[in-house]
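*Asks:* Here you go, one structure.
Computed from the coordinates by the stated procedures, all read-outs in this text should not be read as laboratory data. As the structure is a prediction and not an experimental result, all values here were calculated from the model. Note: ideal-geometry Cβ built from the backbone for every residue, glycine included; neighbour counts use all protein chains shown.
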Amino acid sequence: MILRGAVLVSLFLFGGVGLAAAAGNAPNSQPNPYRTIRDFFKLPPGRAMGSTNSVAVDHQGHIWVVDRCGANDCAGSKLDPVMEFDANGNFIKAFGAGKFLFPHGMTIDKDDRIWVADGHVGHGIGDDVLEFDPNGKVLRILGKLGVAGAGHDTFHEPNAVLIAPDGDIFVADGHEPGPGHNARVVKFDPNGKFILQWGGHGSGPGQFEMPHALAMDTQGRLFVADRGNNRVQIFDQNGKFIASWSQFSRPSGIFVDAHDVLYVTDSESTDKKGYGYNPQFERGMRVGNAKTGEVASFIPDPDLGHADPDTSAAEGLWVDPNGVIYGAEVGPKAVIRYVKK
């Protein structure tokens, strides 16, 4: 028991790195085996890509992007933020006008239904999670439309949604650090009935500062991008803490593929004191092993020197079955494709 406790403490204090990752290379030193492809998506005439951290690929290979209506907010816009593209980046259709204020985080489930979190509230909409069929019909709303809260049926600034293989629903709720804001993961059954929640502000095991994204590995472990604490936390599906990893830097987006390859993108790390302070790490995307925690590859931020000092590189990401990465960027207002060299 003493040994087990010491191991758990060690995992927490040192980021849960484990022996394989601890013996790996220093931060930012891993090779980059990817080439960067810009301007892959062909938008309709007159439409420009807005800020986005939402991209996903369905079972047809179609790529879905949810932008913030050509800007960084959809309030008052008549544009459709949910856009579908074919595998070659050609625009197919869009929907969702008037249903969002600040789209933040999406997923596609096994039936190709699109789930999108709305991180702002006002004008009778927002602070909810919407489920659509591929034609844009709203199938379900989690939370109370336009109502902020911290109850079993309300959210405030939800960031991400994930659907487990058994249909259970997980929502990462709370986008602001510090007391007075939500900082939790909420679990619902497939019918949307509340099951449990965990979290709270802080830096201890199971606490969060901005639980910004969610992913699940083949073992069913839940990975939470605890961005404000510069770490990835791992839990079982009942909220039991397993490990905390800091070697993937300050996580804005996170994805685990069918082979337990872990992809984490960092859009905020800076060596300046204050928000985003994480001086050992450069912004970019890290690819590694979800089982061991080893970081194998590092894709540097393709937008270094961007005019916005607070956010560059991708916030959201998705990886298709061929290993192609799509990174959705807030500051540069772009979705970039990364393909193995």
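*Asks:* What ³J(HN,Hα) values, in whole Hz, does the Karplus curve 6.51 cos²θ - 1.76 cosθ + 1.60 give for the range 170-180 when θ = phi - 60°, with x put for Gly and Pro?
*Replies:* Karplus values, whole Hz, x for Gly and Pro: 10, 10, 8, 10, x, 10, 10, x, x, x, x.
*Asks:* What is the spin-label model distance, in nm, from ASP168 to ASN25 if the labels are put 7 Å beyond Cα along the C-beta direction?
*Replies:* A separation of 3.7 nm, rounded to one decimal place.
*Asks:* To continue, here is another question. Work out how far the C-alpha atoms of the chain reach from end to end along every principal axis, then list the three figures in whole Å, largest first.
*Replies:* Cα spread of the chain along its principal axes, largest to smallest: 59, 45, 38 Å.
*Asks:* Could you give the dipole magnitude of the chain about its Cα centre, charging the beta-carbon of Lys and Arg +1 and that of Asp and Glu -1, in debye to the nearest 20?
*Replies:* 360
*Asks:* Moving on. Would you mind classifying the range 72-142 by shape? Square roots of the alpha carbon gyration tensor eigenvalues, ordered a ≥ b ≥ c; an a/c under 1.5 is rounded, otherwise it is prolate if a/b is larger than b/c and oblate if not.
*Replies:* oblate
*Asks:* A further question follows. Rounded, prolate or oblate: which fits the range 158-201 when a ≥ b ≥ c are the square roots of the eigenvalues of the alpha-carbon gyration tensor, with rounded for a/c under 1.5 and prolate only if a/b beats b/c?
*Replies:* It is prolate, given that a/c is not under 1.5 and a/b is the larger ratio.
*Asks:* Taking neighbour counts of Cβ atoms within 10 Å as a proxy for exposure, in what order, fewest first, do ARG227, ARG35 appear?
*Replies:* Ordered by Cβ neighbours within 10 Å, fewest first: ARG35, ARG227.
*Asks:* May I pose another question? Report the extension gain between ASN72 and HIS152 in nm, rounded to one decimal, defined as 0.36 nm multiplied by the number of residues separating them, less their alpha carbon distance.
*Replies:* Length gained between ASN72 and HIS152: 25.9 nm.
*Asks:* To continue, here is another question. By the scheme Lys and Arg +1, Asp and Glu -1, what is the net charge of all other residues having a beta-carbon under 10 Å from that of GLN60?
*Replies:* It works out to a net charge of -4.
*Asks:* If the only charges are +1 at each Lys and Arg Cβ and -1 at each Asp and Glu Cβ, what is the size of the charge dipole of the range 214-341 around the Cα centre, to the nearest 20 debye?
*Replies:* Around 160 debye, computed over the range 214-341.
*Asks:* Any aspartates and glutamates with Cα under 13 Å of the LYS193 Cα? List them, leaving off those in the same chain fewer than 8 positions away.
*Replies:* ASP153, ASP168
*Asks:* As a test of the formula, what do you get for the chain when each DSSP H run with n ≥ 4 contributes -39,500 (n - 2.57) and the sum is divided by the residue count, at 222 nm and rounded to the nearest 500 deg cm²/dmol?
*Replies:* -1500 deg cm²/dmol
*Asks:* Rounded to the nearest 20 debye, what is the charge dipole size of the range 205-272 about its Cα centre when +1 sits on each Lys and Arg Cβ and -1 on each Asp and Glu Cβ?
*Replies:* 160
*Asks:* I've got another one for you. Figure the gain on full extension for SER203 and LEU139 (residue separation times 0.36 nm, minus the Cα-Cα span) and round it to one decimal in nm.
*Replies:* Computed gain between SER203 and LEU139 is 19.4 nm.
*Asks:* Answer with one residue from ASN28, TRP245, PRO179: the one whose Cα lies farthest towards the positive end of the charge dipole of the chain, charges on Cβ with Lys, Arg +1 and Asp, Glu -1.
*Replies:* Positive-most Cα among the choices belongs to ASN28.
*Asks:* Which of the listed residues, MET285, PHE255, VAL330, is farthest toward the dipole's positive end in the range 2-340, when Lys, Arg count +1 and Asp, Glu count -1 at the beta-carbon?
*Replies:* Positive-end residue among those listed: MET285.
*Asks:* While we're here: Determine, for ILE195, ILE234, the number of other Cβ atoms within 10 Å of each Cβ, and report the residues in order from fewest to most.
*Replies:* Ascending number of Cβ neighbours within 10 Å: ILE195, ILE234.
*Asks:* For the range 254-294, what does the alpha-carbon gyration tensor say about shape, rounded, prolate or oblate, given a ≥ b ≥ c as the root eigenvalues, a/c under 1.5 as rounded, and a/b over b/c as prolate?
*Replies:* prolate
*Asks:* Now for a different question. Taking the Cβ of each residue in THR292, THR311 as the centre, tally the other Cβ atoms inside 10 Å and list the residues starting with the fewest.
*Replies:* Taking fewest neighbouring Cβ atoms as first place, the list is THR292, THR311.
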